[in-house]
Amino acid sequence: ITKIIIFNHPERTESLTDIFVCVAESVAVMSVDLGSEWMKIAIVKPGVPMEIALNKESRRKTPVAVCLKENERLFGDSALGVAVKNPKVVYRFLQSILGKTADNPQVAQYQKHFPEHQMQRDEKRGTVFFKFSEELQYTPEELLGMILNYSRGLAQDFAEQLIKDAVITVPAYFNQAERRAVLQAAHIAGLKVLQLINDNTAVALNYGVFRRKDINSTAQVNSVSANATIVTYQTVKTKESGTQPQLQIRGVGFDRTLGGFEMELRLRDHLAKLFNEQKKSKKDVRENLRAMAKLLKEAQRLKTVLSANAEHMAQIEGLMDDIDFKAKVTRSEFEALCEDLFDRVPGPVTEALAAAEMSMDEIDQVILVGGSTRVPRVQDVLLKAVGKEELSKNINADEAAAMGAVYQAAALSKAFKVKPFLVRDAAVFPIQVEFSRETEEEDGVKTMKHNKRILFQRMAPYPQRKVITFNRYMDDFVFYINYGDLGFLGEQDLKVFGSQNLTTVKLSGVGSSFKKHSDAESKGIKAHFNMDESGVLILDRFHMKLPATGELLHLILVLESTDAEKAEKPEEKSDGEKAEEKEEDKKPKPQKKSKISEDITVELEVNDVLDPSTEDIEVLQDLTDRDLEKQEREKTLNSLEAFIFETQDKLYQDEYLAVVTEEEKEQITGKLSEASNWMDEEGYAAGTKELKEKLSELKKLCKAMFFRVEERKKWPDSLAALDSMLNHSTIFLKSVRLIPESDQIFTEVELKTLERVINETMTWKNETVAEQDKLSPTEKPVLLSKDIEAKRSLLDREVNYLLNKAKFVKPKPKDKAKDKNTTSTENSKANSTEDAEKVIPPKSDDEEPPTAEKKDEEPILELNPAENTDTGHSQSTNQSNIKIILT
């Protein structure tokens with residue numbers, strides 16, 4: 001329903017060019033802000049830092065929906081268009097059932113909201129699947145994978161290149177099974193997930209990267225519902241990058257079942273009640289799935305309109321049995337329908353503050369993010385709950401998460417270099433290791449003791465690695481990875497949460513290793529755990545070390561943490577018991593002896609939700625291939641259809657009629673009519689290959705006509721460009737021939753070559769134009785635009801050769817004796833002439849000659865025809881200062 005972000009610095013202080021400092025490769029990355037109802041897609045590519053990708057309807061957000069028809073799939077707005085006609089083939093709001101078993105309350109709730117879908121239990125995984133037909137059955141992960149693959153296509157179309165790397169947002173309250181489900185869907189889509197980032201964390205990152213200049217070493221407490229998150233910004237020192245800004249999540253509160261969709265459902269049911277009360281039909285509209293889909297669409301529109309208006313008229317044409325529906329709904333009626341929902345809005349804020357162990361007095365600013373924050377009643381309730389004067393809205397509520405996620409994608413990708421902004425997220429749900437071992441009481445009686453060791457506490461920062469050492473086991477054993485204390489969740493949330501048991505870990509080969517090395521003493525069996533950037537727990541590896549006999553045995557539980565606050569004081573335990581500091585520990589340690597490492601066989605048994613099998617995933621590739629084939633066929637069909645209609649129309653235009661004979665026109669017209677009739681009768685069922693052949697045949701038939709028209713269109717501009725080049729080249733040649741022999745920088749061969757090219761080009765142009773004038777417009781032209789361009793390019797190349805030579809030629813040294821005899825009148829005349837080269841004679845033979853012209857000044861080749869002895873006659877004074885400006 002809302003996302004609440006509480007920040008200290010409202011103004012954006014950095015630009016994108018400040019943040020994206022370098023592009024390494026031409027590779028784009030993308031983000032998907034994956035909401036329950038909408039998704040926003042953003043890209044980063046060279047030259048385009050952080051941009052929202054538009055969909056095929058040129059909209060900035062896309063419905064999370066897929067339509068499965070007989071032989072095609074539709075997505076986004078196209079899928080929603082089908083939903084009001086045939087809701088049973090359109091699947092949406094899949095997020096709520098990801099990673100859920102069939103007996104989960106949210107699965108039952110989903111079935112209640114969408115009774116048109118046939119959902120069945122997957123006996124192997126314990127989850128549900130949608131039965132589309134006897135042959136086709138899809139899991140929620142597969143359907144979401146289709147949608148993510150579609151989002152990838154939109155991003156690629158917008159970026160105009162292939163994209164594989166992505167960051168995807170998920171709700172902060174997603175548990176391990178839900179996160180794995182999203183990763184599985186992304187794998188189906190062919191995406192390489194750089195990170196799953198919590199949506200509120202992505203918003204906080206987007207906010208922070210533009211205000212990094214305001215962040216300092218003093219921790220600034222900010223907050224990010226129905227989700228609320230408390231964030232701390234401060235600069236920290238790192239070994240890799242020095243001092244950098246960092247955001248750390250301190251507290252998270254949420255309400256899974258509170259959201260804008262629930263408001264829309266209540267408004268839909270209210271509209272259904274109003275229609276039934278009008279008694280225009282004897283049937284109950286609530287039993288008509290198609291009519292209820294139409295009412296839901298109208299309820300979604302109505303909720304948005306009532307956010308800005310006190311009342312509005314709901315109306316649907318042909319709701320049921322061709323009966324139109326029209327009814328007025330007021331904002332007060334809408335608020336009364338959702339009164340209990342509004343009462344729950346402050347709950348996540350309270351939970352987030354409690355998790356962060358903070359009070360609202362420590363919060364400076366509350367910023368709203370999310371579509372439903374626009375509902376006035378939501379804002380009123382929140383304003384009262386937080387006790388602030390106003391709620392800030394200085395962040396893009398719809399796109400902040402997508403933009404923050406794509407920044408993270410660029411930071412994680414090897415293709416881009418961005419200014420570092422460290423992100424330390426927090427694990428909402430604690431995770432612990434449980435195991436049992438045999439202990440001996442004082443009376444000698446042996447009993448089994450159950451132990452629990454916390455791996456990650458609630459709100460523990462991640463990514464983070466932990467190592468647990470089991471050092472009292474001399475034989476094969478079993479331990480369990482489960483969630484820790486979830487007492488902070490309500491009863492309903494616990495039911496929705498699902499299994500609290502994650503994995504059973506069975507180790508074998510321990511006992512045989514000890515027997516193999518009976519003279520060795522164990523240093524323990526180390527289990528390495530990693531909560532990665534996506535918040536997914538991974539059991540990395542096991543190893544067992546057997547030191548040589550006599551080596552001092554250290555029995556400790558090692559906790560390796562990247563948390564800076566805890567790294568200084570690591571816990572040291574032995575199966576949960578503090579290792580006492582012994583006197584011998586303080587003595588100098590003996591020289592280390594060789595160690596023996598033995599491999600241990602590890603068997604993992606998943607206890608929450610199994611991942612889909614590889615066979616199920618591969619089936620979807622057939623659907624993708626079929627979609628691509630369908631798109632190619634549609635593209636070819638549209639091209640053929642457009643070619644027929646456009647060419648038929650062109651045959652009535654004067655420019656085309658002028659270049660075709662009656663016989664040629666009749667032949668083309670006949671073939672086009674034949675193709676049009678074929679399209680009406682057979683073409684719409686033809687395959688891609690047949691359509692391409694038909695299009696190729698028509699293009700070949702019309703090629704000569706199109707060529708003649710295109711050439712005649714190009715002639716005016718092409719000839720004008722050639723004439724201009726001839727004119728400039730001729731002037732240039734005349735100018736350089738006026739340079740005095742003593743100053744001439746061009747050879748006679750170079751000048752004669754240019755003269756020859758000018759003459760040949762002029763002759764070719766005049767003769768070819770004259771020959772073309774003799775031809776009929778229906779004949780193949782001899783004056784071709786490509787030939788004109790070739791002649792112009794040749795002439796341009798010759799002139800540029802001479803100009804480039806003039807640019808870099810070194811000036812000839814002046815005769816000092818001549819300079820000294822130069823009369824003051826001549827010097828005065830030379831100096832007074834504007835733009836003329838200034839020659840300043842040195843005062844003595846010891847002085848340096850004048851410096852050369854500065855490199856950044858415009859190079860000028862000075863010509864003084866008055867000194868040219870080859871002309872045979874004197875030049876007028878107004879021609880004494882000819883310049884060629886080299887650009």
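Neighbour counts of other Cβ atoms within 10 Å put 294, 237 in the fewest-to-most order 237, 294.
Compared with the direct C-alpha span, the chain from residue 343 to residue 360 gains 4.3 nm at full extension, assuming 0.36 nm per residue. Within the range 42-68, name every residue whose backbone N is under 11 Å away from a label modeled 7 Å from Cα of residue 396 along the Cβ vector. Flagged as within label range: 42-43, 50-54, 60-61.
Working note: Karplus 6.51/-1.76/1.60 with θ = phi - 60° gives the range 449-456 the couplings 10, 8, 10, 10, 10, 6, 8, 10 Hz, where Gly and Pro are set to x.
Going from the fewest other Cβ atoms within 10 Å to the most, the residues 214, 321 appear in the order 321, 214. Descending by average beta-carbon neighbour count within 10 Å, the peptides 51-57, 334-340 line up as 51-57, 334-340, the highest first.
For each of 732, 129, count neighbouring Cβ atoms within 10 Å of the residue's Cβ, then give the residues from fewest to most. Fewest-to-most ranking of 732, 129: 732, 129.
Under a 5 Å amide H cut-off, with hydrogens placed 1.01 Å from N, residue 502 pairs with 481, 482, 483 among residues at least 5 apart or on other chains.
Full extension of the chain segment joining residue 493 with residue 682 gains 62.2 nm, where the gain is 0.36 nm per residue of separation less the Cα-Cα distance.
Taking amide H positions as modeled 1.01 Å from N, with prolines and chain starts lacking one, the residues under 5 Å from residue 251 and 5 or more places away or on another chain are 230. The distance between label points at residue 628 and residue 604 comes to 3.1 nm (points 7 Å beyond Cα on the Cα→Cβ vector). Each peptide in 163-171, 771-779, 410-418 gets a packing score, the mean of other Cβ atoms within 10 Å over its residues, and the list from highest to lowest is 163-171, 410-418, 771-779. Among 184-190, 455-461, sorting by the average number of other beta carbon atoms lying within 10 angstrom of each residue, highest first, gives 184-190, 455-461. Considering only C-alpha atoms, what is the centroid distance from the range 83-108 to the range 440-510, in Å? With the range 83-108 and the range 440-510 each reduced to a Cα centre, they are spaced 33 Å. Distance from the Cα centroid of the range 684-753 to that of the range 650-676 is 28 Å (rounded to whole angstrom).
Given axes a ≥ b ≥ c from the Cα gyration tensor, I'd like to know whether the range 375-432 is rounded (a/c under 1.5), prolate (a/b larger than b/c) or oblate. The shape class here is oblate.
Once the Cα-Cα distance is subtracted from the 0.36 nm per residue extended length, the residue 750 to residue 779 segment shows a gain of 6.4 nm. Between residue 671 and residue 310, the distance separating the two model label sites (each 7 Å from Cα on the Cα→Cβ line) works out to 7.0 nm. For residue 197, the residues whose modelled amide H falls within less than 5 Å of its own, excluding neighbours fewer than 5 places apart on the same chain, are 168, 169, 170.
What separates the Cα centres of the range 110-130 and the range 284-341 is a distance of 28 Å. For the range 126-208, the square roots of the Cα gyration tensor eigenvalues, ordered a ≥ b ≥ c, give a/c of at least 1.5 with a/b no greater than b/c, which places it in the oblate category. Convex hull of alpha carbon positions in the range 377-529: directionally averaged projected area 17.7 nm².
With q set to 0.12, 0.21 Å⁻¹, the log10 of I(q)/I(0) for the range 437-524, from the Debye formula over equal scatterers at the Cα positions, is -0.59, -1.18.
Summarised in one figure, the compactness ratio Rg/Rh of the range 260-344, Cα atoms and Kirkwood Rh, is 0.96.
Any of 112/192; 100/131; 671/692; 699/780; 88/124 with alpha carbons more than 27 Å apart? Name them for me. Violating the 27 Å Cα-Cα cut-off are 112/192. Taking the Cβ of residue 720 as the center, what net charge do the other residues with Cβ under 14 Å away carry, scoring Lys and Arg +1 and Asp and Glu -1? Taking every other residue near residue 720 into account, the sum is +2. Per-residue 3J(HN,Hα) values for the range 167-173, derived from phi via the Karplus relation 6.51 cos²θ - 1.76 cosθ + 1.60 with θ = phi - 60°, read 10, 10, 8, 9, x, 4, 7 Hz in sequence order (x marks Gly and Pro).
For the range 409-424, 3J(HN,Hα) computed residue by residue from phi via the Karplus equation (6.51, -1.76, 1.60; θ = phi - 60°) reads 4, 5, 5, 7, 6, 7, 7, 10, 10, 10, 5, x, 9, 6, 10, 10 Hz, glycine and proline entered as x. A Förster radius of 30 Å combined with the Cβ-Cβ distance from residue 723 to residue 701 puts the calculated FRET efficiency at roughly 0.25. Between residue 693 and residue 59, the simple label model (points 7 Å from Cα in the Cβ direction) yields a spacing of 4.1 nm.
Bear in mind these aren't lab numbers, they're just calculated from the coordinates by the rules spelled out. Bear in mind that the values here come from a model prediction, so they are computed numbers and not experimental data. Cβ sites come from the backbone with ideal geometry, for glycine too, and all protein chains shown count toward neighbours.
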